[in-house]
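A.B. asks: Following this message is one structure expressed as C-alpha cells.
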Amino acid sequence: MIPELTKSSVSMRDPNRVEQILTSMRNAGSSTLQVISDFDMTLTRFAYNGKRCPTCHNILENSKLISEDCKDKLQNLLDTYYPIEIDSTRSVEEKLPLMVEWWTKAHELLVEQKISKDHLVRAVKESEAMLRDGYKQFFDHLHQMSVPLLIFSAGIGDVLEEVIRQAGAFHPNVKVFSNYMDFDDSGVLRAFKGELIHIYNKREGAVLNVEHFKELQSRCNVLLLGDSLGDLNMADGVMDLQNILKIGYLNDKVDERRQSYLNTYDIILEKDETMGVPNAILLYITGQ
C-alpha cells in the first residue's frame, strides 16, 4: 500500500478494494488514465492559517470590482444557501432547486456590476486564493505524462483559469467545464454563457460534453477528486469505464458528514490542505 494512505487524516471504507483498483490502474498504465476534478476547495485550499480561502465567486466578491451593496447581498445569499448545501439531512432532490436559485441570483448580481474583463487578472492577483500544497507536482506530472485533467466547476471559469495561470500550472492537457462570463465588445460582463453549472448538476455537465469524452474513449481509468457529494457524478459521461477511484476532501463539518463521505468516496482526506495523497497515487499509477 502507498505510505501516504496510512496517514491519520486518511480514511477508507474498504482498503482492499482501493488496493485492487490501484493495482489494476497501474497495470493498465498512464495511457489509460484521466483525472476528473472539482476546483474550489478541492484543487484550492479550504483554509490557510485558520482563515477560509476564497472560492472563484469569493474572489470577485472580495475584490474592488464589486460595490459594498452587492457584497452584502452576496453574503446574504451565502448565509442563506451554504448551510443548505452542506446539510446532510436534506436530499439532493430537495437541495437542487435551491442551488439553482442561489447561483442564478449570484450571477444576476455580478452582471449588474458591469465587471471589466481586464480587471479579472488583478482581482485574482490581489486575492487570497491558493492552490493546495503540492499543486505544482500534480499539474506538472499530469502534463509530463500526457494525462488529461478535466475540471468540472460550479465556479467561474474565467477566474478559475486565471488562478491556475498565475500559479504557472495551466498546461495544454487541462480542460475546464464551468460557468464562463460573456463580455460585450467593450469587454464588460453582460451575462453568463450556456447552461448554469451548480454543485448538483455536474453530471449534466459531464453528459453534455459527450464529444469530449469520445476523444478520451481509450482512457477508461478515472481518478476523481471532489469535496462534495455533488462531485461524485462528474465521471458519468466517461465511456467504457473500467476503474474509478474517488477521493473526497472533507473540509468542513467533519464529524457530521464523515459517514456520508465514507459511504460514497473510496478515500476521504479530513482537513488535509495538500495534494500529498493524490500525488502519491499518481506516482504509483504512472509507475514513477
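A.B. asks: Assuming 0.36 nm per residue, please report the length gained on full extension of the stretch Glu19 to Asp184 beyond their Cα-Cα distance.
C.D. replies: This chain segment gains 54.3 nm when fully extended.
A.B. asks: How large is Rg over Rh for the range 52-102, taking Rg from the Cα atoms and Rh as the Kirkwood inverse mean of 1/r across Cα pairs?
C.D. replies: Checking Rg against Rh, the ratio lands at 1.04.
A.B. asks: Need one number: nm distance between label points at Lys253 and Tyr48, each 7 Å from Cα along Cα→Cβ, rounded to one decimal.
C.D. replies: Rounded to a tenth, the inter-label distance reads 2.6 nm.
A.B. asks: Next question. I'm a student and want to see the number: the projected area of the Cα convex hull of the chain, averaged over all directions, in nm².
C.D. replies: Computed as one quarter of the Cα hull surface, the answer is 14.5 nm².
A.B. asks: Let me make sure I get this right: for the range 87-236, a, b and c are the square roots of the gyration tensor eigenvalues over alpha carbons, sorted descending. Under 1.5 in a/c it's rounded, otherwise prolate if a/b > b/c, else oblate. Which is it?
C.D. replies: oblate
A.B. asks: Could you tell me, in Å, what Rg and Dmax come out for the Cα atoms of the range 1-127?
C.D. replies: Every Cα atom of the range 1-127 included, Rg and Dmax give 19.8, 56 Å.
A.B. asks: Starting from the Cα of Lys214, step 7 Å along the direction of its Cβ; do the same at Gln75; then give the gap between the two resulting points in nm.
C.D. replies: Calculated label separation equals 4.9 nm.
A.B. asks: Run the helix sum for the chain: -39,500 (n - 2.57) per DSSP H stretch of 4+ residues, divided by residue count, reported at 222 nm to the nearest 500 deg cm²/dmol.
C.D. replies: Values: 11 runs with 119 residues, N = 288.
Helix-only estimate at 222 nm: -12500 deg cm²/dmol.
A.B. asks: Can you give me the angle between helix 92-112 and the longest principal axis of the chain, using Cα atoms only, in degrees from 0 to 90, rounded to the nearest 10?
C.D. replies: Around 40 degrees separate the two axes.
A.B. asks: At 1.4 Å probe radius, can you tell me the per residue accessible area of the chain in Å²? Can you show the working numbers first?
C.D. replies: Working: 12930 Å² over 288 residues.
Accessible area per residue, the chain: 45 Å².
A.B. asks: On alpha-carbon atoms, Rg over Rh for the range 1-49 using Kirkwood Rh?
C.D. replies: 1.04
A.B. asks: While we're on this one: Give the residue list of chymotrypsin sites (Phe, Trp or Tyr not before Pro) in the range 250-288 that are DSSP loop and have at most 12 other beta-carbon atoms within 10 angstrom.
C.D. replies: Hits after loop and neighbour filter: nothing returned.
A.B. asks: In the chain, what % of DSSP beta bridges are antiparallel (nearest 5)? Present the calculation step by step, with values, prior to reporting the outcome.
C.D. replies: On the way: 10 of 34 bridges.
Antiparallel: roughly 30 percent of the beta bridges in the chain.
A.B. asks: Sticking with this structure for a sec: Points 7 angstrom from Cα along the Cβ direction at Lys64 and Gln144: gap in nanometres?
C.D. replies: 4.0
A.B. asks: Could you work out the relative contact order of the range 169-286? I mean the mean sequence separation of Cα pairs under 8 Å and 6+ apart, divided by the number of residues, in percent.
C.D. replies: 17
A.B. asks: Here's a follow-up. Where does the longest stretch of the chain lie that holds no GluC sites (Glu not before Pro) found in a DSSP loop with 16 or fewer other Cβ atoms within 10 Å?
C.D. replies: On the way: sites that count: Glu126, Glu128, Glu195.
With GluC sites (Glu not before Pro) excluded where exposed in loops, the chain gives 1-125 as its longest stretch.
A.B. asks: Next question, about the same structure. Give the calculated FRET efficiency between Gln288 and Tyr82 to the nearest 0.05, with a Förster radius of 30 Å applied to their Cβ-Cβ distance.
C.D. replies: For Gln288 and Tyr82, the calculated efficiency is 0.20.
The values are calculated or read from the model by the stated rules, or taken from the named source; none is laboratory data. All values derive from a computational prediction rather than experimental measurement. Neighbour counts run over all protein chains shown; Cβ positions are idealised from the backbone, glycine included. Areas reflect the complete protein model, heavy atoms only, side chains present, ligands, DNA and RNA absent. Shrake-Rupley method; radii C 1.70, N 1.55, O 1.52, S 1.80 Å.
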